[in-house]
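Enquirer: Sending over a structure as structure tokens; questions will come in a sec.
The values are calculated or read from the model by the stated rules, or taken from the named source; none is laboratory data. Source: prediction; values computed, not measured. Here the Cβ positions follow ideal geometry from the backbone for every residue, glycine too, while neighbour counts run over all protein chains shown. In case anyone asks, the SASA skips ligands and DNA or RNA and just uses the protein heavy atoms, side chains included. Shrake-Rupley method; radii C 1.70, N 1.55, O 1.52, S 1.80 Å.
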Amino acid sequence: MNRELTKSLYRTMLLIRRTEERILEEMMKGKLASTMCHVSIGQEAVAAGTCSAMQPQDYLTSTHRGHGHFIARGGGLDRMMAELFGKETGYCKGRGGSMHITDISIGHLGANGIVGGHLGIAAGAGLWSQISKNNAVTVCFFGEGATNEGITHESVNMSALWKLPVVYVVENNHYAMSLAWERSTAQQSFIEKAKAYGIPGVDVDGQDALAVYEAASEAIDRARKGEGPTLIGAHTYRFLGHSRADPSKYRSPEEEERERARDPLTIMRTKVGSDVLSDSDVEAYEAEVKQMLDAAVKFAEDSPLAQPSTVFEDIYA
Amino acid sequence: MPIMMYRDALRRALYEEMKADPSVFVLGEDIGLYGGAYAVTKGLLEEFGPDRIRDTPMSEAAIVGAAIGAAMVGGRPVAEIMYVDFMTLTMDQVVNQAAKIHFMFGGQIKVPCVIRTQQGTGRGAGAQHSQSLESWFIHTPGLKVVAPSTPADAYGLLRASIQDDNPVIFLEHKGLYAVKDEVPEEPFVTSLGVADVRRTGSDVTLISYSRTMQLALEVAAQLEQRDISVEVVDLRTLQPLDMETVLRSVEKTRRAVVLHEAVMTGGLGAEVSARITEALFHQLLSPVRRVAAADAPLPANVALEKYVVPNAEQVIRAIEETLAVKQQIAR
């Protein structure tokens, strides 16, 4: 087992968890500039495991529940928090908000508010990599809800047909807003789904960051070698509601309790043991993350608000 | 000056841009081996190979999505959607993605892609293959919309569109592909957002674009016989609109008629008319008139199709009415 990788995965997951908790806290205080905010608490292992397998030149496309992907890819907390606070120092100049946080300098091609809306974009980034031979792989994160959108089928087929360097990572958190995976989808095996596209499919425990890392590494290598896409189904769970307004009445408390017991942070500590991840390691990470978040919130608070007149900027390049 | 067909002028633009810039590539249905449903891309596969002239599956949303994605990371794709009617299948990609990316992400990412498609009637193609849907795109800030009416403009405006850093919806007309006209031999680029006064006149300004420009020029020539002097403005780019040219002309003529093949309700004619009225209300000698297709789906029967779209008689009547109002005032 790679100790450094394990530690880094844990730290990334913790950073995502604490950041989203802090975002919710700031939201309750009325600090956020928008009412739209979807957290991925419980799903951190998918983002951390996948992004750790990426190289610097690679791209990713993300979703409305995208804070984890952004942080795992190395996005900065200061400008992220500023974006959420509607400040002009935010990554999107305070006009994108939680759902559209983006930093092109780390190959992040945008968090997308339309379910499935970025599937074609990921294929296009892969297409340009193939034509320009830029050696980049595009990781396309999407939720299981998006597997039932038409463009998903079109895009995965296109990528498979042309063997584009794209890796599809389905974060199956089992709920498309209120609709359970079992109530929405006839074929639930990603191995079987992938067969329809003539590509490899993988079903992986999305609560196990190391398992996700292994699956993603293999898929990314394969894509980079020109062998085409892989469809990874990472089975995870959305610990909280779809958004703050959602009390999750469509699922039982027993189910929530059972699934929350499969916390990716706990799972990793149990799996690797205290030899690799000691209590003092975890304490140190907690302290470091707390400091980073305090600084990020301070940066956001101290930054100037986005000015109304800027809504006429950047409509055209 | 060499005479060239509209479709050949478009091909020349694609060819020259692809030669000049290796990041330009073309993707779409039947554009490679087949040469394009309207033969615009004929021969380009042989010249540039299958990497840059890419036949796609029948997946309109993914074609446009792929164009956007490639544009975001360094490509300058030109996607072809065979009929504007099929653009309905791409609307999330066009409206929520292409048009929003630059703004929504704080100006970090550009989307330099062109979506070529063709629209319009004339071939009895029926309700799902004959519409003129420019209004839907004009209604979305962040897109540029172009609709050339001549071979020279088709060439110059397509080159400008490919060189532009924004998503451009490039609307060709199926009834114009075989039209022949002069195209200068020397390469040139026609700026987006600039209308063209195609005929000068003093009594009334007739504003149009795309294929109804032919109708506009025909009517202007006919009315000249009756000593009615019609100034004809070709908008060429529908977003951004060159209102400066339109208003300069209407300031002079003090009467205006807007003509298009798209349906009347919510059409570009309403927008142009409103802007003229807002700017020049007190100078106008008569209300701005619109001539457009009836608010009806298009029948496949050519005789019925003709009944829906505007004809010379309607344009003449509209012009006569704008002139009659003036006569009443004079009396």
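Enquirer: Quick check on this structure: which one of A:A317, A:A306 is within 14 Å of another protein chain (Cβ to nearest Cβ), in contact with a Pro (Cβ under 9 Å, 6 or more places away or on another chain) and small (G, A, S)?
Expert: A:A317 is the lone residue from the list that is within 14 Å of another protein chain (Cβ to nearest Cβ), in contact with a Pro (Cβ under 9 Å, 6 or more places away or on another chain) and small (G, A, S).
Enquirer: Let me ask something else about it. Working carefully through the options A:L240, A:L293, find the one that is hydrophobic (A, V, I, L, M, F, W, C) and assigned to a helix (DSSP H, G or I).
Expert: On inspection, the qualifying residue turns out to be A:L293.
Enquirer: Any residue at all in the range B:42-53 that is over 22 Å from B:I101 (Cβ atoms), buried (at least 23 other Cβ atoms within 10 Å of the Cβ) and more than 14 Å from chain A (Cβ to nearest Cβ)?
Expert: No.
Enquirer: Looking only at the range B:124-148, count every residue that is assigned to a loop (DSSP other than H, G, I, E, B), in contact with a strand residue (DSSP E or B) (Cβ under 8 Å, 6 or more places away or on another chain) and open to solvent by 10 Å² or more (accessible area, probe 1.4 Å) and tell me the total.
Expert: The total comes to 3.
Enquirer: In the range B:66-83, how many are more than 19 Å from the chain's Cα centre (by Cα) and more than 7 Å from chain A (Cβ to nearest Cβ)?
Expert: Qualifying residue count, the range B:66-83: 3.
Enquirer: Another one. For the range A:98-115, which residues satisfy the criterion of being over 27 Å from A:M177 (Cα atoms) and in a loop (DSSP other than H, G, I, E, B)?
Expert: A:G107
Enquirer: Can you tell me which residues in the range A:87-135 are touching a Phe, Trp or Tyr at 6+ places or on another chain (Cβ under 8 Å), facing another protein chain (nearest Cβ under 7 Å) and open to solvent by 10 Å² or more (accessible area, probe 1.4 Å)?
Expert: A:Y91, A:R95, A:G96, A:H100, A:I104, A:I131
Enquirer: Please find, among B:A154, B:A178, the residue that is under 18 Å from B:S210 (Cβ atoms) and open to solvent by 10 Å² or more (accessible area, probe 1.4 Å).
Expert: Of B:A154, B:A178, the one residue that is under 18 Å from B:S210 (Cβ atoms) and open to solvent by 10 Å² or more (accessible area, probe 1.4 Å) is B:A178.
Enquirer: Restricting to the range A:49-83, name every residue that is in a helix (DSSP H, G or I), in contact with a Gly (Cβ under 7 Å, 6 or more places away or on another chain) and either surrounded by fewer than 24 Cβ atoms within 10 Å (Cβ to Cβ) or not small (G, A, S) (or both).
Expert: A:R79, A:E83
Condition check ((1) within 29 Å of B:Y177 (Cα to Cα); (2) open to solvent by less than 10 Å² (accessible area, probe 1.4 Å); (3) touching a Ser or Thr at 6+ places or on another chain (Cβ under 8 Å); (4) not assigned by TED's automatic domain parsing to the domain that holds B:V168) across all residues:
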site	(1), (2), (3), (4)
B:L215	yes, no, yes, yes
B:E218	yes, no, no, yes
B:Q222	yes, no, no, yes
B:D227	no, no, no, yes
B:E244	no, no, no, yes
B:V250	no, yes, yes, yes
B:R255	no, no, yes, yes
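Enquirer: Of the conditions (1) of a type outside the set (S, T, Y); (2) open to solvent by 50 Å² or more (accessible area, probe 1.4 Å); (3) assigned to a loop (DSSP other than H, G, I, E, B); (4) within 30 Å of A:S159 (Cβ to Cβ), A:G226 fails just one. Which one is it?
Expert: Failed condition: (2).
Enquirer: Right, another one. Please state which one of B:T121, B:T88 is hydroxyl-bearing (S, T, Y) and crowded, with 21+ Cβ neighbours inside 10 Å.
Expert: B:T121
Enquirer: Select from the range A:147-175 the residues that are within 12 Å of chain B (Cβ to nearest Cβ) and closer than 30 Å to A:R260 by Cα and write down the one among them that is surrounded by the fewest Cβ atoms within 10 Å (Cβ to Cβ).
Expert: That would be A:E149.
Enquirer: Also, quick follow-up: Do the conditions hold for A:Q291, that is, is it without any contact (Cβ under 8 Å) to a residue 24 or more places away in the chain, polar (S, T, N, Q) and either under 28 Å from A:G76 (Cβ atoms) or surrounded by 16 or more Cβ atoms within 10 Å (Cβ to Cβ) (or both)?
Expert: Yes, satisfied.
Enquirer: Tell me whether the range B:194-202 contains one or more residues that are touching a Phe, Trp or Tyr at 6+ places or on another chain (Cβ under 9 Å), at pLDDT 95 or above and within 24 Å of B:R76 (Cβ to Cβ).
Expert: no
Enquirer: Could you please let me know if B:D30 is surrounded by fewer than 18 Cβ atoms within 10 Å (Cβ to Cβ), at pLDDT 95 or above and over 25 Å from the mean Cα position of the chain (by Cα)?
Expert: Answer is no for this residue.
Enquirer: Hey, another quick one. Here are some residues: B:E186, B:E218. Which one is acidic (D, E) and not in a helix (DSSP H, G or I)?
Expert: Checking each option against the conditions leaves just B:E186.
Enquirer: With B:R7, B:R11 as the choices, which residue is open to solvent by 10 Å² or more (accessible area, probe 1.4 Å), away from chain A (no Cβ under 14 Å), in contact with a Ser or Thr (Cβ under 9 Å, 6 or more places away or on another chain) and more than 14 Å from A:G124 (Cβ to Cβ)?
Expert: Of B:R7, B:R11, the one residue that is open to solvent by 10 Å² or more (accessible area, probe 1.4 Å), away from chain A (no Cβ under 14 Å), in contact with a Ser or Thr (Cβ under 9 Å, 6 or more places away or on another chain) and more than 14 Å from A:G124 (Cβ to Cβ) is B:R11.
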